[in-house]
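Bear in mind these aren't lab numbers, they're just calculated from the coordinates by the rules spelled out. Here the structure is a predicted model, which is why all the values come from computation and not from measurement. Virtual Cβ from ideal backbone geometry, glycine too; neighbours counted across all protein chains shown.
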Amino acid sequence: MPSPLLHGLNPEQLAAVTLPHESALILAGAGSGKTRVLTTRIAHLIQTGQASPHGILAVTFTNKAAKEMLSRISAMLPINPRGMWVGTFHGLCNRLLRTHHREAGLPALFQILDHQDQLSAIKRLLKSLNVDDEKYPPKQVQFFINSNKDQGIRSAKVEAYDDYTRRLTEFYAAYDAQCQREGVVDFAELLLRTYELLSRNELLREHYRSRFKHILVDEFQDTNRLQYLWLKLLAGPDAAVFAVGDDDQSIYAFRGAQASNMQEFERDFHVSKVIKLEQNYRSHGNILDAANALISQNLHRLGKNLWTSEGSGEPIRVFAAYSDHDEAAFIVDEIKALRSEDVVLSGIALLYRSNAQSRILEHALFNAGLPYRVYGGLRFFERQEVKHALAYLRLIANSGDDGALLRVINFPARGIGARTLEQLQTLATERGHTLWDAAASGLLGGKSGSSVGAFLQLIESLRAACAGLPLSEQIEHVLVHSGLIAHYKASKTEAERVENLEELVNAAVGFVQEYEAEPLEPDQAAQDILSVFLTHATLEAGEHQAAVGSEALQLMTVHAAKGLEFHSVFLSGLEEGLFPHEQSKNEADGVEEERRLMYVALTRARRRLYLSYAQSRMLHGQVRYGIPSRFLSEIPPALLKQISGAQTPYQTETPRSVVRNSSESNSPWHIGQNVAHAKFGQGVIVNCEGSGADARVQVNFGRNGVKWLALEYAKLEPV
DNA sequence: ACTACGAGACTTTTT
DNA sequence: GTCTCGTAGT
């Protein structure tokens, strides 16, 4: 009796969903219904009584994917999915470590370092060791530490055959000691700690092994060595691991992902058959043929060919531009044409290899008055003002957090200078104390001693005042009494930061609502809300990926586009050196990874695909002349349609004409004038002050708020 | 303690 | 071209 759950699945999907209790590898091509298979499998296991929600563990890489999975499952089944563990590797490890912090050797309120925090911790460490950071750049030390952790290698196990590596290994050991002293863990540490906890502690390991008989892994090709070991450890002998991935879409090798884990998985988990999902429900035939042809150039593939039951559709359009400006102008024109064919703007994506390429596109779109959204850049919880606020909160939660202390001990300025900090550092290092303890020891005499003392008192009083308050009021209190808000309010140029701090309070309100709406498992319930919020801020700093909704063009890197689809895709900058990127050519398998990236880009398009390149391009402040990307020649010419040549420059609306417009009349700026700004969009001038180089205008940007802008810098355009 | 200027970098990025 | 970082100068 087929269940309605299984309705509409193709034979391969059905086979995957209904596989018996054994480990399986699902090779899921782009657009082949991967998420559907994964979620239907879970629902099916529960519905048929093969598993209870309690026995299911589903692992993803992003919070977005985890949320998506949960919401799809709850849509399929009338059960509360909360017994299931669905989350990211990091989120799940965090949960385990919070529950078993004692066994893991961590304080209850351990804090998590993001990438930035980690780097500043390393800089601080190197400074305290008097290391020449010319010889040992902090970023390189960070890379060394992380790549070892990602392979599950502790400093004691690093094989160092030369002095340089030996030195790096010393830093690795010292860094771990510093983190331990301060009660903080970095991202890789979350995983490594959990791994070590479970391998060391048989009782816990058996507990979780007997609980999770069904482990499902999304984007398996993106797992690194440690994540693979982690899965192997957690999966007991009678667990079934359902691994879904696509080796052709492995584009994160540069951060440790090993698609070879798929082959290893086949062996280690005795996978009897690999199921391939090759029917594509997204793109027309020509696009898939192009993608197949391209990716077939890669050696070492598991092998897979996408097909569709739809027609071949339109040819892929190729445009050879004279210059980068031309390329942008061409794209703008085509977008206008698409719009007149009723293609919605949000269904059009402009993809590029590197972020720097967005600027010229933005400029052209802006001048053409086309709304667009750029993905990437700083996320909310990464902004400096937000980080400052969080640092106060972290100090309240854990006074041993030296990184947090250093961030705010003199921000806003309270007369604690470099001199004082140096003394404090020395004192702490001598005694093996945290900075807080060193400061509290009273051994710092004189004026610096008293100003440091005042800071400690401030934190103590914040901590006391916050005890028992609702989270958002705690944050408000801290913002006011730390002087942060006042500091930013006093500044003319940083009004936006005040808004972000206010937004932080709102975020807390929203967070608490969600948190309280969701009934908790006992292992989580006891936690302090502040600590949970701080963890949330680090583990979910917000995604870079597109959110549907706003009626605007979507601009992003190819990496950020993974997993998404669009009616029309423009892929620009297809030049040797840009795509494939110059630096990839020196790396082992670098070009193959670039080709997979190209494959990902092609398979984002449903109906129409544009590929373009420019003969000349401004790069690093110089004009460069490039040749077309090799990837273009790897697509069968029969699938391509060349649009115009590059002999004559494409007609462009040069920015100069716009500038001239505004300077022709004597005072183009007046109250009531409609203007547009690159970041804030369209607005209207509501106030003016000053003249010449000091002239400022106040502009109401509607949803983006009211801002004061210096005319000299803001590059406003009249509308 | 804050600002200003110059040097140098500069793929991709989630947690 | 543009951003970040570090140092020197006020």
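Across 20 Å bins from 0, what is the distribution of all Cα-Cα pair distances for chain A, in whole percents?
15, 44, 36, 5, 0
Can you list the aspartates and glutamates whose alpha carbon sits under 17 Å from that of A:Lys135, skipping same-chain ones fewer than 8 residues off?
Counting by Cα, and skipping residues close in sequence, A:Lys135 has these aspartates and glutamates nearby: A:Asp162, A:Asp163, A:Glu170.
Suppose R0 equals 35 Å. What FRET efficiency, 1/(1 + (r/R0)^6) with r the Cβ-Cβ distance, do A:Lys139 and A:Glu264 give to the nearest 0.05? Before the final figure, lay out the partial values.
On the way: r = 30 Å, r/R0 = 0.86.
Efficiency at R0 = 35 Å is approximately 0.70.
Once you have the Cα-Cα distance between A:Glu503 and A:Ser210, take 0.36 nm times their residue separation minus that, and quote the gain in nm to one decimal.
Working: separation 293, 0.36 × 293 = 105.48 nm, distance 4.33 nm.
Answer, rounded to one decimal: 101.1 nm.
Report the gain in length on full extension from A:Thr429 to A:Glu382: 0.36 nm times residue separation, minus Cα-Cα distance, nm rounded to one decimal.
The A:Thr429-A:Glu382 span can extend by a further 14.0 nm.
Identify the trypsin sites (Lys or Arg not before Pro) of the range A:119-201 meeting these criteria: DSSP loop state and at most 14 other C-beta atoms within 10 Å of the C-beta. Walk me through the numbers on the way to the answer.
Working: sites: A:Lys123, A:Arg124, A:Lys127, A:Lys135, A:Lys139, A:Lys149, A:Arg154, A:Lys157, A:Arg166, A:Arg167, A:Arg181, A:Arg193, A:Arg200; in loops: A:Lys135, A:Arg154.
Loop-located and lightly packed - A:Lys135, A:Arg154.
What does the helix-only formula give at 222 nm for chain A: each DSSP H stretch with n ≥ 4 adding -39500 (n - 2.57), the total divided by the residues, and the result rounded to the nearest 500 deg cm²/dmol?
Calculated from helices alone, the mean residue ellipticity at 222 nm is -14000 deg cm²/dmol.
Using a basic spin-label model with each label point 7 Å from the Cα along Cα→Cβ, how many nm lie between A:Val480 and A:Val274?
If labels sit at A:Val480 and A:Val274, their model points lie 6.2 nm apart.
Please identify every one of the GluC sites (Glu not before Pro) in the range A:580-641 that sits in a loop by DSSP and has no more than 16 other beta carbons within 10 Å of its own beta carbon.
A:Glu587, A:Glu634
Tell me which aspartates and glutamates have Cα within less than 13 Å of A:Lys123's Cα, excluding those fewer than 8 residues away on the same chain?
Reachable aspartates and glutamates: A:Asp132, A:Asp133, A:Glu134, A:Asp402.
Would you mind listing how long the range A:122-265 runs along its three principal axes, going by Cα atoms, in whole Å with the largest first?
Computed over the range A:122-265, the largest-to-smallest principal extents equal 51, 39, 26 Å.
Quick one: compute the contact order of chain A, relative version, from alpha carbon pairs under 8 angstrom and 6+ residues apart, as a percent.
17 percent
Please give, to one decimal in nm, the separation of the simple spin-label points placed at A:Lys641 and A:Arg359, each 7 Å out from Cα toward the Cβ.
Spacing of the two 7 Å Cα→Cβ label points: 3.5 nm.
Would you list, by chain and number, the aspartates and glutamates whose Cα falls below 19 Å from the Cα of A:Lys336, excluding same-chain residues fewer than 8 positions away?
Excluding near neighbours in sequence, the set is A:Glu314, A:Asp324, A:Asp326, A:Glu327, A:Glu362, A:Glu551, A:Glu653.
Give the separation of the Cα centroids, the range A:70-115 to the range A:312-374, in Å.
Cα centres, the range A:70-115 to the range A:312-374: 41 Å.
What fraction of the DSSP beta bridges in chain A is antiparallel, stated in percent and rounded to the nearest 5?
For chain A, the DSSP antiparallel bridge percentage is about 30.
In a solvent-free Debye calculation with one equal scatterer on each Cα, what is log10 I(q)/I(0) for the range A:251-382 at q = 0.20 Å⁻¹, listed in the order of the q values?
-1.28
Quick check: residue separation of A:Asp132 and A:Val344 times 0.36 nm, minus the Cα distance between them. What number comes out in nm?
Separation in residues times 0.36 nm, less the Cα-Cα distance, equals 70.8 nm.
Can you list the chymotrypsin sites (Phe, Trp or Tyr not before Pro) in the range A:138-182 that are in a DSSP coil and have 15 or fewer other beta carbons within 10 angstrom?
Those satisfying the criteria are A:Tyr161.
Using each residue's phi in the range A:597-609, evaluate 6.51 cos²θ - 1.76 cosθ + 1.60 at θ = phi - 60° and report the 3J(HN,Hα) Karplus result to the nearest Hz, with x for Gly and Pro.
5, 4, 4, 4, 4, 4, 7, 7, 8, 7, 10, 10, 9
Once amide H atoms are placed 1.01 Å from N in the peptide plane, what residues at a sequence separation of 5 or more from A:Ala58, or on another chain, have their amide H within under 5 Å of its amide H?
A:Trp85, A:Val86, A:Gly87, A:Leu216
Going by C-beta contacts inside 10 Å, put A:Val217, A:Val480 in order with the fewest on the left.
So the ranking, lowest neighbour count to highest, is A:Val480, A:Val217.
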